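Visitor: Shown below is the structure under consideration.
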Ligand code: NDP
């Protein structure tokens with residue numbers, strides 16, 4: 001039985017709040033706080049209707065440490081679940097340290113003015129969390145998150161040594177808009193327009209964004225899609241914690257319409273993250289673009305199709321080469337029926353709830369700052385099966401990845 005404070009009432013925050021509300025034996029007292037409290041209140045109302053539980057709401061500016069600390073002191077949670085934006089990671093970690101509360105997030109810190117996501121800023125908190133006897137769990141979404149746990153699970157049960165990792169993220173769903181992003185548009189566009197980096201031969205190699213693609217056929221009839229190689233933050237921690245990896249890559253599917261729009265928006269400067277002067281005012285083009293695009297939290301009712309996200313690993317077992325894939329398939333409309341969300345927010349919010357559950361139940365308990373693959377994957381994997389993200393393992397799958 002524990003009190004939690006969830007910060008961020010967007011697409012992911014809504015799912016986390018619904019899923020925590022479903023597990024009353026662990027999450028006995030839930031407060032959802034965000035910059036705009038009306039969004040928290042709307043989610044609270046939906047939770048009352050769908051899950052039959054009432055949760056509390058609050059207003060907070062998570063860029064402001066004293067404001068955060070005051071809210072945490074008032075609520076006295078055991079854990080803060082940060083599903084605001086990556087820009088708030090460090091301020092929320094600071095407030096947790098100041099108030100003696102554990103921390104969890106789903107995306108690594110990114111400075112507002114540089115599209116550069118790296119773990120170095122959060123890893124630098126290791127000693128502070130250790131000294132305070134507190135735990136910070138980083139990246140407990142799907143990717144990062146479940147993909148880190150998948151990798152650890154395959155290593156633990158199927159390999160003596162893992163050598164190549166390919167993380168594959170297919171969104172086979174369609175929302176019917178010519179262009180919309182499935183999670184925060186600003187974060188999404190910063191991610192996919194960044195230079196690609198993949199791990200090979202002991203170093204990260206940089207290539208232009210989207211410059212390598214391959215066709216991939218998902219299992220269970222989810223379909224065939226074009227995958228594009230891009231950099232994703234879990235590669236940084238996975239190659240550190242699995243040093244036998246010779247190659248590690250991240251692949252994501254994109255439709256033609258998405259790519260066409262992104263190219264044009266980039267060419268005309270609409271994805272720029274630096275301020276420009278407009279009619280006597282400073283505006284940041286990507287923030288203006290975000291205001292024009294559909295809110296990801298509104299895509300739920302209209303998104304149809306499935307996601308297919310998994311890890312394909314090759315390596316050695318008993319001196320012999322083998323390959324194994326583990327994946328989850330998630331249906332957008334089923335997610336909507338359960339928690340009024342599309343599958344992208346759902347596949348992020350469920351692992352956030354499970355990571356929190358692991359910490360509150362003491363199954364994952366250690367002072368310091370941790371990535372998901374550093375914890376025992378088994379209890380997390382068991383909970384994925386129970387809480388809406390069942391997974392499948394195939395040994396020697398027929399995939400031939402680049
Ligand atoms: P949204 O933009 O839908 O929601 C973000 C929420 O955070 C909004 O409610 C917003 O408030 C709130 N917020 C922003 N700034 C502040 C602030 N300064 N103080 C308080 N609240 C603030 O994003 P998503 O829900 O799509 O994504 C949430 C997080 O999940 C992001 O960090 C994203 O990177 C991560 N993510 C992780 C994935 C994974 O698999 N690991 C996949 C997808 C997302 P307001 O409504 O006022 O703007």
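The values are calculated or read from the model by the stated rules, or taken from the named source; none is laboratory data. From a predicted model like this one, the values you see are computed outputs, not experimental measurements. Positions of Cβ are backbone-derived with ideal geometry, glycine not excepted, and every protein chain shown enters the neighbour counts.
Visitor: Could you tell me whether residue 314 is over 23 Å from residue 144 (Cα atoms) and either surrounded by 21 or more Cβ atoms within 10 Å (Cβ to Cβ) or in contact (Cβ under 8 Å) with a residue 12 or more places away in the chain (or both)?
Guide: The answer is no for residue 314.
Visitor: Within region 175-196, does at least one residue satisfy the condition of being away from the ligand (no atom under 16 Å from the Cβ) and assigned to a strand (DSSP E or B)?
Guide: Scanning region 175-196, I find at least one residue that is away from the ligand (no atom under 16 Å from the Cβ) and assigned to a strand (DSSP E or B), so the answer is yes.
Visitor: Considering only region 136-174, how many residues are in a helix (DSSP H, G or I) and either over 15 Å from the mean Cα position of the chain (by Cα) or under 30 Å from residue 91 (Cβ atoms) (or both)?
Guide: Summing the residues that are in a helix (DSSP H, G or I) and either over 15 Å from the mean Cα position of the chain (by Cα) or under 30 Å from residue 91 (Cβ atoms) (or both) in region 136-174 gives 12.
Visitor: Considering only region 312-333, I want to know if a residue exists there that is out of contact with any strand residue (DSSP E or B) (no Cβ under 7 Å at 6 or more places or on another chain), within 24 Å of residue 46 (Cα to Cα), within 15 Å of the ligand (Cβ to nearest atom) and assigned to a helix (DSSP H, G or I).
Guide: Taking every residue of region 312-333 in turn, none turns out to be out of contact with any strand residue (DSSP E or B) (no Cβ under 7 Å at 6 or more places or on another chain), within 24 Å of residue 46 (Cα to Cα), within 15 Å of the ligand (Cβ to nearest atom) and assigned to a helix (DSSP H, G or I).
Visitor: It is to be established whether one or more residues within region 299-308 are assigned to a helix (DSSP H, G or I), within 16 Å of the ligand (Cβ to nearest atom) and within 16 Å of the chain's Cα centre (by Cα).
Guide: Looking through region 299-308, none of the residues is assigned to a helix (DSSP H, G or I), within 16 Å of the ligand (Cβ to nearest atom) and within 16 Å of the chain's Cα centre (by Cα).
Visitor: Can you run down the residue pairs with Cβ atoms below 6 Å, 6 or more apart or on separate chains, where the first is in region 294-305 and closer than 14 Å to residue 14 by Cα and the partner is outside any loop (DSSP other than H, G, I, E, B) and modelled with pLDDT of 95 or more?
Guide: Pairs that qualify, where the first residue is closer than 14 Å to residue 14 by Cα and the partner is outside any loop (DSSP other than H, G, I, E, B) and modelled with pLDDT of 95 or more, are 300/336.
Visitor: Output yes when any residue across region 66-82 is more than 12 Å from the ligand (Cβ to nearest atom), touching a residue at least 40 places away in the same chain (Cβ under 8 Å) and out of contact with any strand residue (DSSP E or B) (no Cβ under 7 Å at 6 or more places or on another chain), and no when none is.
Guide: No, because not a single residue in region 66-82 is more than 12 Å from the ligand (Cβ to nearest atom), touching a residue at least 40 places away in the same chain (Cβ under 8 Å) and out of contact with any strand residue (DSSP E or B) (no Cβ under 7 Å at 6 or more places or on another chain).
Quick grid of which residues meet (1) within 28 Å of residue 301 (Cα to Cα); (2) at pLDDT below 90:
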site: 186; (1), (2): yes, yes
site: 192; (1), (2): yes, yes
site: 209; (1), (2): no, yes
site: 212; (1), (2): no, no
site: 217; (1), (2): yes, no
site: 230; (1), (2): no, no
site: 235; (1), (2): no, no
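Visitor: Quick one: residue 228 ticks every box in (1) part of a loop (DSSP other than H, G, I, E, B); (2) closer than 17 Å to residue 181 by Cα; (3) under 20 Å from the mean Cα position of the chain (by Cα) except a single one, so which number is it?
Guide: With (1) part of a loop (DSSP other than H, G, I, E, B); (2) closer than 17 Å to residue 181 by Cα; (3) under 20 Å from the mean Cα position of the chain (by Cα) applied to residue 228, the lone miss is (1).
Visitor: Which residues, counting only those in region 1-20, are touching a helix residue (DSSP H, G or I) at 6+ places or on another chain (Cβ under 6 Å) and surrounded by 24 or more Cβ atoms within 10 Å (Cβ to Cβ)? Don't jump to the end; show me each part of the working.
Guide: We begin by selecting, within region 1-20, every residue touching a helix residue (DSSP H, G or I) at 6+ places or on another chain (Cβ under 6 Å); these are 2, 5-6, 9-12, 14-20.
Those that are touching a helix residue (DSSP H, G or I) at 6+ places or on another chain (Cβ under 6 Å) and surrounded by 24 or more Cβ atoms within 10 Å (Cβ to Cβ): 5, 6, 9, 11, 12, 14, 15, 16, 17, 18, 19, 20.
Visitor: Ok, one more. Can you give me the number of residues within region 83-127 that are more than 14 Å from the ligand (Cβ to nearest atom), assigned to a loop (DSSP other than H, G, I, E, B) and within 18 Å of residue 6 (Cβ to Cβ)?
Guide: Of the residues in that region, 1 qualify.
Visitor: Residue under question is residue 134, and the condition is that it be surrounded by 19 or more Cβ atoms within 10 Å (Cβ to Cβ), in the same structural domain as residue 13 (by TED's automatic domain parsing), more than 12 Å from the ligand (Cβ to nearest atom) and farther than 18 Å from residue 64 by Cβ; does it hold?
Guide: Working: surrounded by 19 or more Cβ atoms within 10 Å (Cβ to Cβ): yes; in the same structural domain as residue 13 (by TED's automatic domain parsing): yes; more than 12 Å from the ligand (Cβ to nearest atom): yes; farther than 18 Å from residue 64 by Cβ: yes.
So residue 134 fits the description; yes.
Visitor: Quick check on residue 206: is it under 27 Å from residue 384 (Cα atoms), more than 22 Å from the chain's Cα centre (by Cα) and not assigned by TED's automatic domain parsing to the domain that holds residue 69?
Guide: The answer is no for residue 206.
Visitor: Also: Out of region 55-65, which residues are touching a strand residue (DSSP E or B) at 6+ places or on another chain (Cβ under 9 Å) and within 12 Å of the ligand (Cβ to nearest atom)? Quick ask: steps written out before the conclusion?
Guide: Keep residues of region 55-65 that are touching a strand residue (DSSP E or B) at 6+ places or on another chain (Cβ under 9 Å), which gives 55-60, 62.
57, 58, 59, 60, 62 - these are the residues of region 55-65 that are touching a strand residue (DSSP E or B) at 6+ places or on another chain (Cβ under 9 Å) and within 12 Å of the ligand (Cβ to nearest atom).
Visitor: Any idea which of 46, 51 is away from the ligand (no atom under 13 Å from the Cβ), in the same structural domain as residue 13 (by TED's automatic domain parsing) and under 14 Å from residue 10 (Cα atoms)?
Guide: Only one candidate passes the filter, namely 46.
Visitor: Can I ask one more? Quick one: in region 110-128, which of the residues that are at pLDDT 95 or above and under 17 Å from residue 141 (Cβ atoms) is surrounded by the fewest Cβ atoms within 10 Å (Cβ to Cβ)?
Guide: The qualifying residue surrounded by the fewest Cβ atoms within 10 Å (Cβ to Cβ) is 119.
Visitor: Step by step: first the residues of region 320-334, then only those that are more than 21 Å from residue 148 (Cβ to Cβ) and without any contact (Cβ under 8 Å) to a residue 60 or more places away in the chain, then the one that is farthest from the chain's Cα centre (by Cα). Which residue is that?
Guide: Among residues in region 320-334 that are more than 21 Å from residue 148 (Cβ to Cβ) and without any contact (Cβ under 8 Å) to a residue 60 or more places away in the chain, the one farthest from the chain's Cα centre (by Cα) is 320.
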